[in-house]
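Asker: This is the structure I want to talk about, given as structure tokens.
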Amino acid sequence: MKAQKYHALEQSSLFRMPTKRKLAELLGITLKELHHLSESENLYSHFPVPKKNGTTRIVDNPNAQLKRVQKRIAKLLGRILPPDVLFCPVKGRSYVDNASRHRHARVVHSLDVKQYFPSTTRRRVYWFFNTIMGCPKDVAAILANLACCDGHLATGSPASPILAYYAHVDVWRKVAALAKEAGCVLSIYIDDITMSGKRVPQELVWSVKRAIHGGGLRYHKEKRSVDRPCEITGVIVKGGKLLAPNRQHRKLRDAKLAVARNRNPRENAKVTGRLAGLAGQFGQIEMANRPASPGAGEALP
């Protein structure tokens with residue numbers, strides 16, 4: 001796999017983008033198309049997707065042209081050197097890497113940002129492009145319009161995962177500084193925030209919550225583990241090792257049984273694909289548990 005090449009934020013093609021015409025050229029569209037995509041209504045379809053808890057979430061799905069532009073924005077932002085604490089969306093870093101960061105901790109404290117994309121307002125996205133990226137007001141406004149739907153990050157946009165981080169980059173920088181000062185390890189996996197260490201002081205947790213609230217976000221699903229196994233981004237951390245949760249073992253077993261019993265080639269192909277995906281997940285976890293070979297590069301801190 002080709003290694004991702006990163007550059008400083010100030011070297012991004014979007015940094016201090018001078019005009020709308022230059023922006024259109026960078027995004028591979030005409031100025032007329034840029035205005036259309038940033039100003040028109042009815043560029044999204046909306047549909048519900050069921051969640052594990054029985055509720056649904058609404059997906060804001062952009063049309064094909066807008067989605068291509070959003071992918072381009074995501075690609076440009078993805079070239080900016082990410083902080084060590086950010087694991088998703090970062091090319092080459094996975095949910096297993098995120099869990100592995102906390103594998104030797106005695107205490108693990110995690111919480112999720114509630115409705116991360118809907119809570120990330122257009123104002124926040126505009127602030128990022130105008131203040132952090134140094135774009136003039138008209139360019140920042142267009143970039144915010146391209147990324148947002150109904151005044152917030154579009155839930156189905158390919159640019160939303162990375163923009164949710166950068167739209168609150170001041171919050172996450174503060175949280176990272178708080179964790180470092182407390183001697184704790186921090187990781188951010190989209191809306192999943194995990195802190196760990198020999199101890200995770202309640203003062204730190206309270207300060208992190210205040211920082212999140214101060215940025216206009218809310219948290220939920222708070223969990224704390226002390227001297228016991230815990231689940232981090234879908235991986236069990238136990239005694240310094242990473243394990244797949246029992247539900248994944250059940251899925252693997254069921255998939256194997258389905259392949260053995262199924263005689264329908266089309267259905268069997270689907271199950272075989274699911275089986276391959278599960279096997280890949282188990283392989284990732286197994287690889288993460290192996291000690292680094294002599295001369296190998298250091299793992300992500």
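The values are calculated or read from the model by the stated rules, or taken from the named source; none is laboratory data. What you are looking at is a predicted structure, and each value in this text was computed from that prediction instead of being measured. As a convention, Cβ positions derive from the backbone with ideal geometry for all residues, glycine included, and neighbour counts pool all protein chains shown. For the accessible areas, the whole protein counts, side chains as well, though only heavy atoms, and no ligand, DNA or RNA atoms are used. Shrake-Rupley method; radii C 1.70, N 1.55, O 1.52, S 1.80 Å.
Asker: Taking into account only those residues within the range 103-125 that are part of a helix (DSSP H, G or I) and open to solvent by less than 30 Å² (accessible area, probe 1.4 Å), which is nearest to Gly215 (Cα to Cα)?
Answerer: Arg124
Asker: Taking Leu76 as meeting all but one of (1) in contact with a helix residue (DSSP H, G or I) (Cβ under 9 Å, 6 or more places away or on another chain); (2) part of a helix (DSSP H, G or I); (3) open to solvent by 60 Å² or more (accessible area, probe 1.4 Å), write down the number of the exception.
Answerer: Every condition holds for Leu76 apart from (3).
Asker: Filter the range 113-122 down to the residues that are touching a helix residue (DSSP H, G or I) at 6+ places or on another chain (Cβ under 8 Å) and more than 13 Å from Tyr165 (Cα to Cα) and list them by number.
Answerer: Within the range 113-122, just Arg122 meets the criteria.
Asker: Here's a follow-up. Looking only at the range 46-54, decide whether some residue is in contact (Cβ under 8 Å) with a residue 24 or more places away in the chain and open to solvent by 50 Å² or more (accessible area, probe 1.4 Å).
Answerer: No, that holds for no residue.
Asker: Then there is this: Among the residues of the range 153-208, write down those that are of a type in the set (Gly, Ala, Ser), open to solvent by less than 10 Å² (accessible area, probe 1.4 Å) and out of contact with any Cys (no Cβ under 8 Å at 6 or more places or on another chain).
Answerer: Ala159, Ser160, Ala164, Ala167, Ala179, Ser187 - these are the residues of the range 153-208 that are of a type in the set (Gly, Ala, Ser), open to solvent by less than 10 Å² (accessible area, probe 1.4 Å) and out of contact with any Cys (no Cβ under 8 Å at 6 or more places or on another chain).
Asker: Also: How many of the residues making up the range 240-274 are in a helix (DSSP H, G or I), open to solvent by less than 40 Å² (accessible area, probe 1.4 Å) and among the hydrophobic types (A, V, I, L, M, F, W, C)?
Answerer: Counting residues in the range 240-274 that are in a helix (DSSP H, G or I), open to solvent by less than 40 Å² (accessible area, probe 1.4 Å) and among the hydrophobic types (A, V, I, L, M, F, W, C) gives 4.
Asker: Quick check on my filter: what residues within the range 27-44 are without any contact (Cβ under 8 Å) to a residue 60 or more places away in the chain and loosely packed, with under 14 Cβ neighbours inside 10 Å?
Answerer: Result: Gly28, Thr30, Lys32, Ser40, Glu41, Asn42.
Asker: Got at least one residue in the range 79-102 being open to solvent by 10 Å² or more (accessible area, probe 1.4 Å), in contact with a Lys or Arg (Cβ under 9 Å, 6 or more places away or on another chain), small (Gly, Ala, Ser) and over 17 Å from Leu23 (Cα atoms)?
Answerer: no
Asker: Filter the range 7-33 down to residues that are closer than 22 Å to Ile132 by Cα and either assigned to a helix (DSSP H, G or I) or of a type outside the set (Gly, Ala, Ser) (or both), then give me how many there are.
Answerer: Result for the range 7-33: 18.
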